[in-house]
Structures are given as C-alpha cells and as structure tokens.
1. Given the conditions (1) surrounded by 12 or more Cβ atoms within 10 Å (Cβ to Cβ); (2) over 18 Å from the mean Cα position of the chain (by Cα); (3) in contact (Cβ under 8 Å) with a residue 24 or more places away in the chain; (4) assigned to a helix (DSSP H, G or I), which single one is not true for residue 33?
2. Just checking, does the stretch 70-89 include any residue being under 24 Å from residue 141 (Cα atoms) and in a strand (DSSP E or B)?
3. Are any of the residues in the stretch 71-81 within 27 Å of residue 54 (Cα to Cα), touching a residue at least 60 places away in the same chain (Cβ under 8 Å), out of contact with any helix residue (DSSP H, G or I) (no Cβ under 9 Å at 6 or more places or on another chain) and crowded, with 17+ Cβ neighbours inside 10 Å?
4. From the list 101, 95, exactly one residue is at negative phi, assigned by TED's automatic domain parsing to the domain that holds residue 125, without any contact (Cβ under 8 Å) to a residue 24 or more places away in the chain and under 20 Å from the mean Cα position of the chain (by Cα). Which is it?
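The values are calculated or read from the model by the stated rules, or taken from the named source; none is laboratory data. Remember, it's a predicted structure, so these values are computed and weren't measured experimentally. FYI the Cβ positions are ideal-geometry reconstructions off the backbone, even for glycines, and counts take in every protein chain you see.
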C-alpha cells in the first residue's frame with residue numbers, strides 16, 4: 001500500500017462523522033521537506049475546528065507509525081471556492097449554484113446545477129442564438145464527460 005493510500009485510511013478514520021468526506025490527499029516529495037496536503041469537506045460546510053482536529057489526529061498517527069522518514073509539512077483544509085468539483089458528493093452539495101463546466105471535448109458552458117444523478121448532472125443553461133431572445137434549457141451531462149467544474153461566485 002502506498003503512503004498516500006495509508007494516509008487516506010488514517011484521515012477517513014479520524015473524520016468526525018459520515019457528513020465529512022475526503023476530497024483529495026496529496027503527498028508531495030521533492031526538494032525540501034515532504035508535504036502532505038489533505039482536503040476535506042462536509043455536506044453542510046466544514047469548520048476550521050474540524051480541520052485542526054483532523055490535522056492533530058492524522059499528524060499524531062503519521063508520527064506514531066513513522067510513515068515519513070524526515071520532517072514534513074502537514075496541511076489540512078477545505079477546498080477553496082475556486083477548487084474544481086471532483087466527486088458526486090461535491091456536486092450534490094452545490095445544487096442550486098451556478099457552475100462553469102469544461103467538457104472533455106473542450107466545450108465550456110455555464111449554468112445552474114439543478115440535480116445530480118448516479119452518473120449525470122443536470123444544468124439549466126442559457127442558449128443564445130443570433131437575432132433571437134436567449135432561452136433556457138436543461139442539459140444532462142455524463143460525469144465522465146466533465147473535465148472540470150468550478151462554482152461561480154456571485155457578489156450580487
């Protein structure tokens with residue numbers, strides 16, 4: 001088992017409840033100290049206290065199991081608003097918000113996330129045609145065809 005997989009198991013064990021989930025775990029080795037970056041989230045938002053708790057628990061277990069040979073940097077945080085959505089659970093959390101979606105074929109679209117199914121997402125997008133008024137339509141996109149989705153922040 002890789003160090004990354006071992007750390008994912010450790011993080012999973014120390015999440016406070018089923019509402020919390022792992023977004024990503026990265027172990028970056030190279031020049032300088034190794035870095036362990038852990039992104040966690042929750043269905044109803046995550047607090048800094050939860051990140052601090054997970055950081056302490058994971059750090060203690062990494063030390064106890066001597067998983068890394070040298071000193072390392074441990075960072076536990078939530079994904080920022082500009083961090084791409086990567087799981088069905090993250091999409092579900094953002095139903096009702098506007099997304100910018102890039103498909104695997106390079107096509108981009110923006111729209112309101114209406115629903116998340118087992119393998120698709122449904123967006124309400126504005127369709128513009130020259131000389132005509134913009135219309136709204138629902139588009140269903142397979143998750144496997146989505147290269148990147150970012151939540152659009154509105155300051156209205």
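1. (4)
2. no
3. no
4. Exactly one of 101, 95 is at negative phi, assigned by TED's automatic domain parsing to the domain that holds residue 125, without any contact (Cβ under 8 Å) to a residue 24 or more places away in the chain and under 20 Å from the mean Cα position of the chain (by Cα), namely 95.
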